Amino acid sequence: PTPAPAAPAPRAEPGLVHLHPVRSGQQVYAQERDLTVCATVGAGAEVIADGSIHVYGALRGRALAGAAGMATARIFCREFHAELVAVAGHYKVLEEIPKALLGKPVQIWLEHDKLRIEQLD
């Protein structure tokens, strides 16, 4: 008897690219993929991804990466002013973030269950 053909592997969804500003009260969610925002995330706005988040503008609202628990997810932004950031459920609010990082390009990731935020070169 010949073996049955293997089922095709499920196709991975490409990352979600959002081209417009995310305004106060709006939420953009990239389920099971990364999110790239090619504009500003305004104060009171929220961007969420099960993967990583890239913001090619100012990040003033909330960014939650690894929403489904992916601890290797990261957040990247060009101008950091976030109200709240989270990776895989580990949060930091603006008051907990060093003032020296405000307005700078940063990378945020989880390392040994601790949220790390560092300036990008």
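The values are calculated or read from the model by the stated rules, or taken from the named source; none is laboratory data. For clarity, every value in this text was computed on a predicted model and none was experimentally measured. Methodologically, a virtual Cβ is constructed for each residue, glycine included, from the backbone with ideal geometry; neighbour enumeration extends over all protein chains shown. Surface accessibility is based on the protein's heavy atoms, side chains included, excluding ligands, DNA and RNA. Shrake-Rupley method; radii C 1.70, N 1.55, O 1.52, S 1.80 Å.
Out of 43, 87, 67, whose Cα points farthest toward the positive end of the dipole of the chain (charges: +1 Lys, Arg; -1 Asp, Glu; placed on Cβ)?
So the residue we want is 43.
Which sequence of 94, 115 reflects their accessible areas, 1.4 Å probe, from the largest down?
Numbers: 94 60, 115 10 Å².
Final ranking, largest accessible area leading: 94, 115.
Considering only the other residues whose Cβ falls under 11 Å of the Cβ of residue 55, what net charge follows from Lys and Arg at +1 and Asp and Glu at -1? Each step should come with its number before you reach the end.
Values: positive: 60, 78; negative: 79.
Counting the neighbours of residue 55, the net charge comes to +1.
Starting from the Cα gyration tensor of the chain, take the square roots of the eigenvalues, sort them a ≥ b ≥ c, and report rounded, prolate or oblate (rounded when a/c is under 1.5, otherwise prolate if a/b is larger than b/c, else oblate). All intermediate terms of the calculation are to be shown ahead of the outcome.
Details: a/c = 2.64, a/b = 1.83, b/c = 1.44.
Prolate, because a/c is 1.5 or more and a/b exceeds b/c.
Just 100, 45, 86 to compare: in a GNM of the chain, with alpha carbon springs under 10 Å, which one fluctuates most?
Most flexible of the set in this elastic network: 100.
Taking the Cα centre of the stretch 16-119 as origin, sum charge times position over the Cβ atoms of Lys and Arg (+1) and Asp and Glu (-1), and report the length of that vector in debye to the nearest 20. The partial results should precede the final answer.
Values: 11 positive and 11 negative charges, 53 e Å.
In debye, rounded to 20, the stretch 16-119 gives about 260.
What residue among 17, 85, 55 has the largest mean-square fluctuation in a Gaussian network model of the chain, using Cα springs under 10 Å?
17
How big is the charge dipole of the stretch 32-82 about its Cα centre, in debye rounded to the nearest 20, if each Lys and Arg gets +1 on its Cβ and each Asp and Glu gets -1 on its Cβ? Provide the component values of the computation, followed by the final result.
Working: 5 positive and 5 negative charges, 31 e Å.
Using Cβ point charges on Lys, Arg, Asp and Glu, the stretch 32-82 gives about 140 debye.
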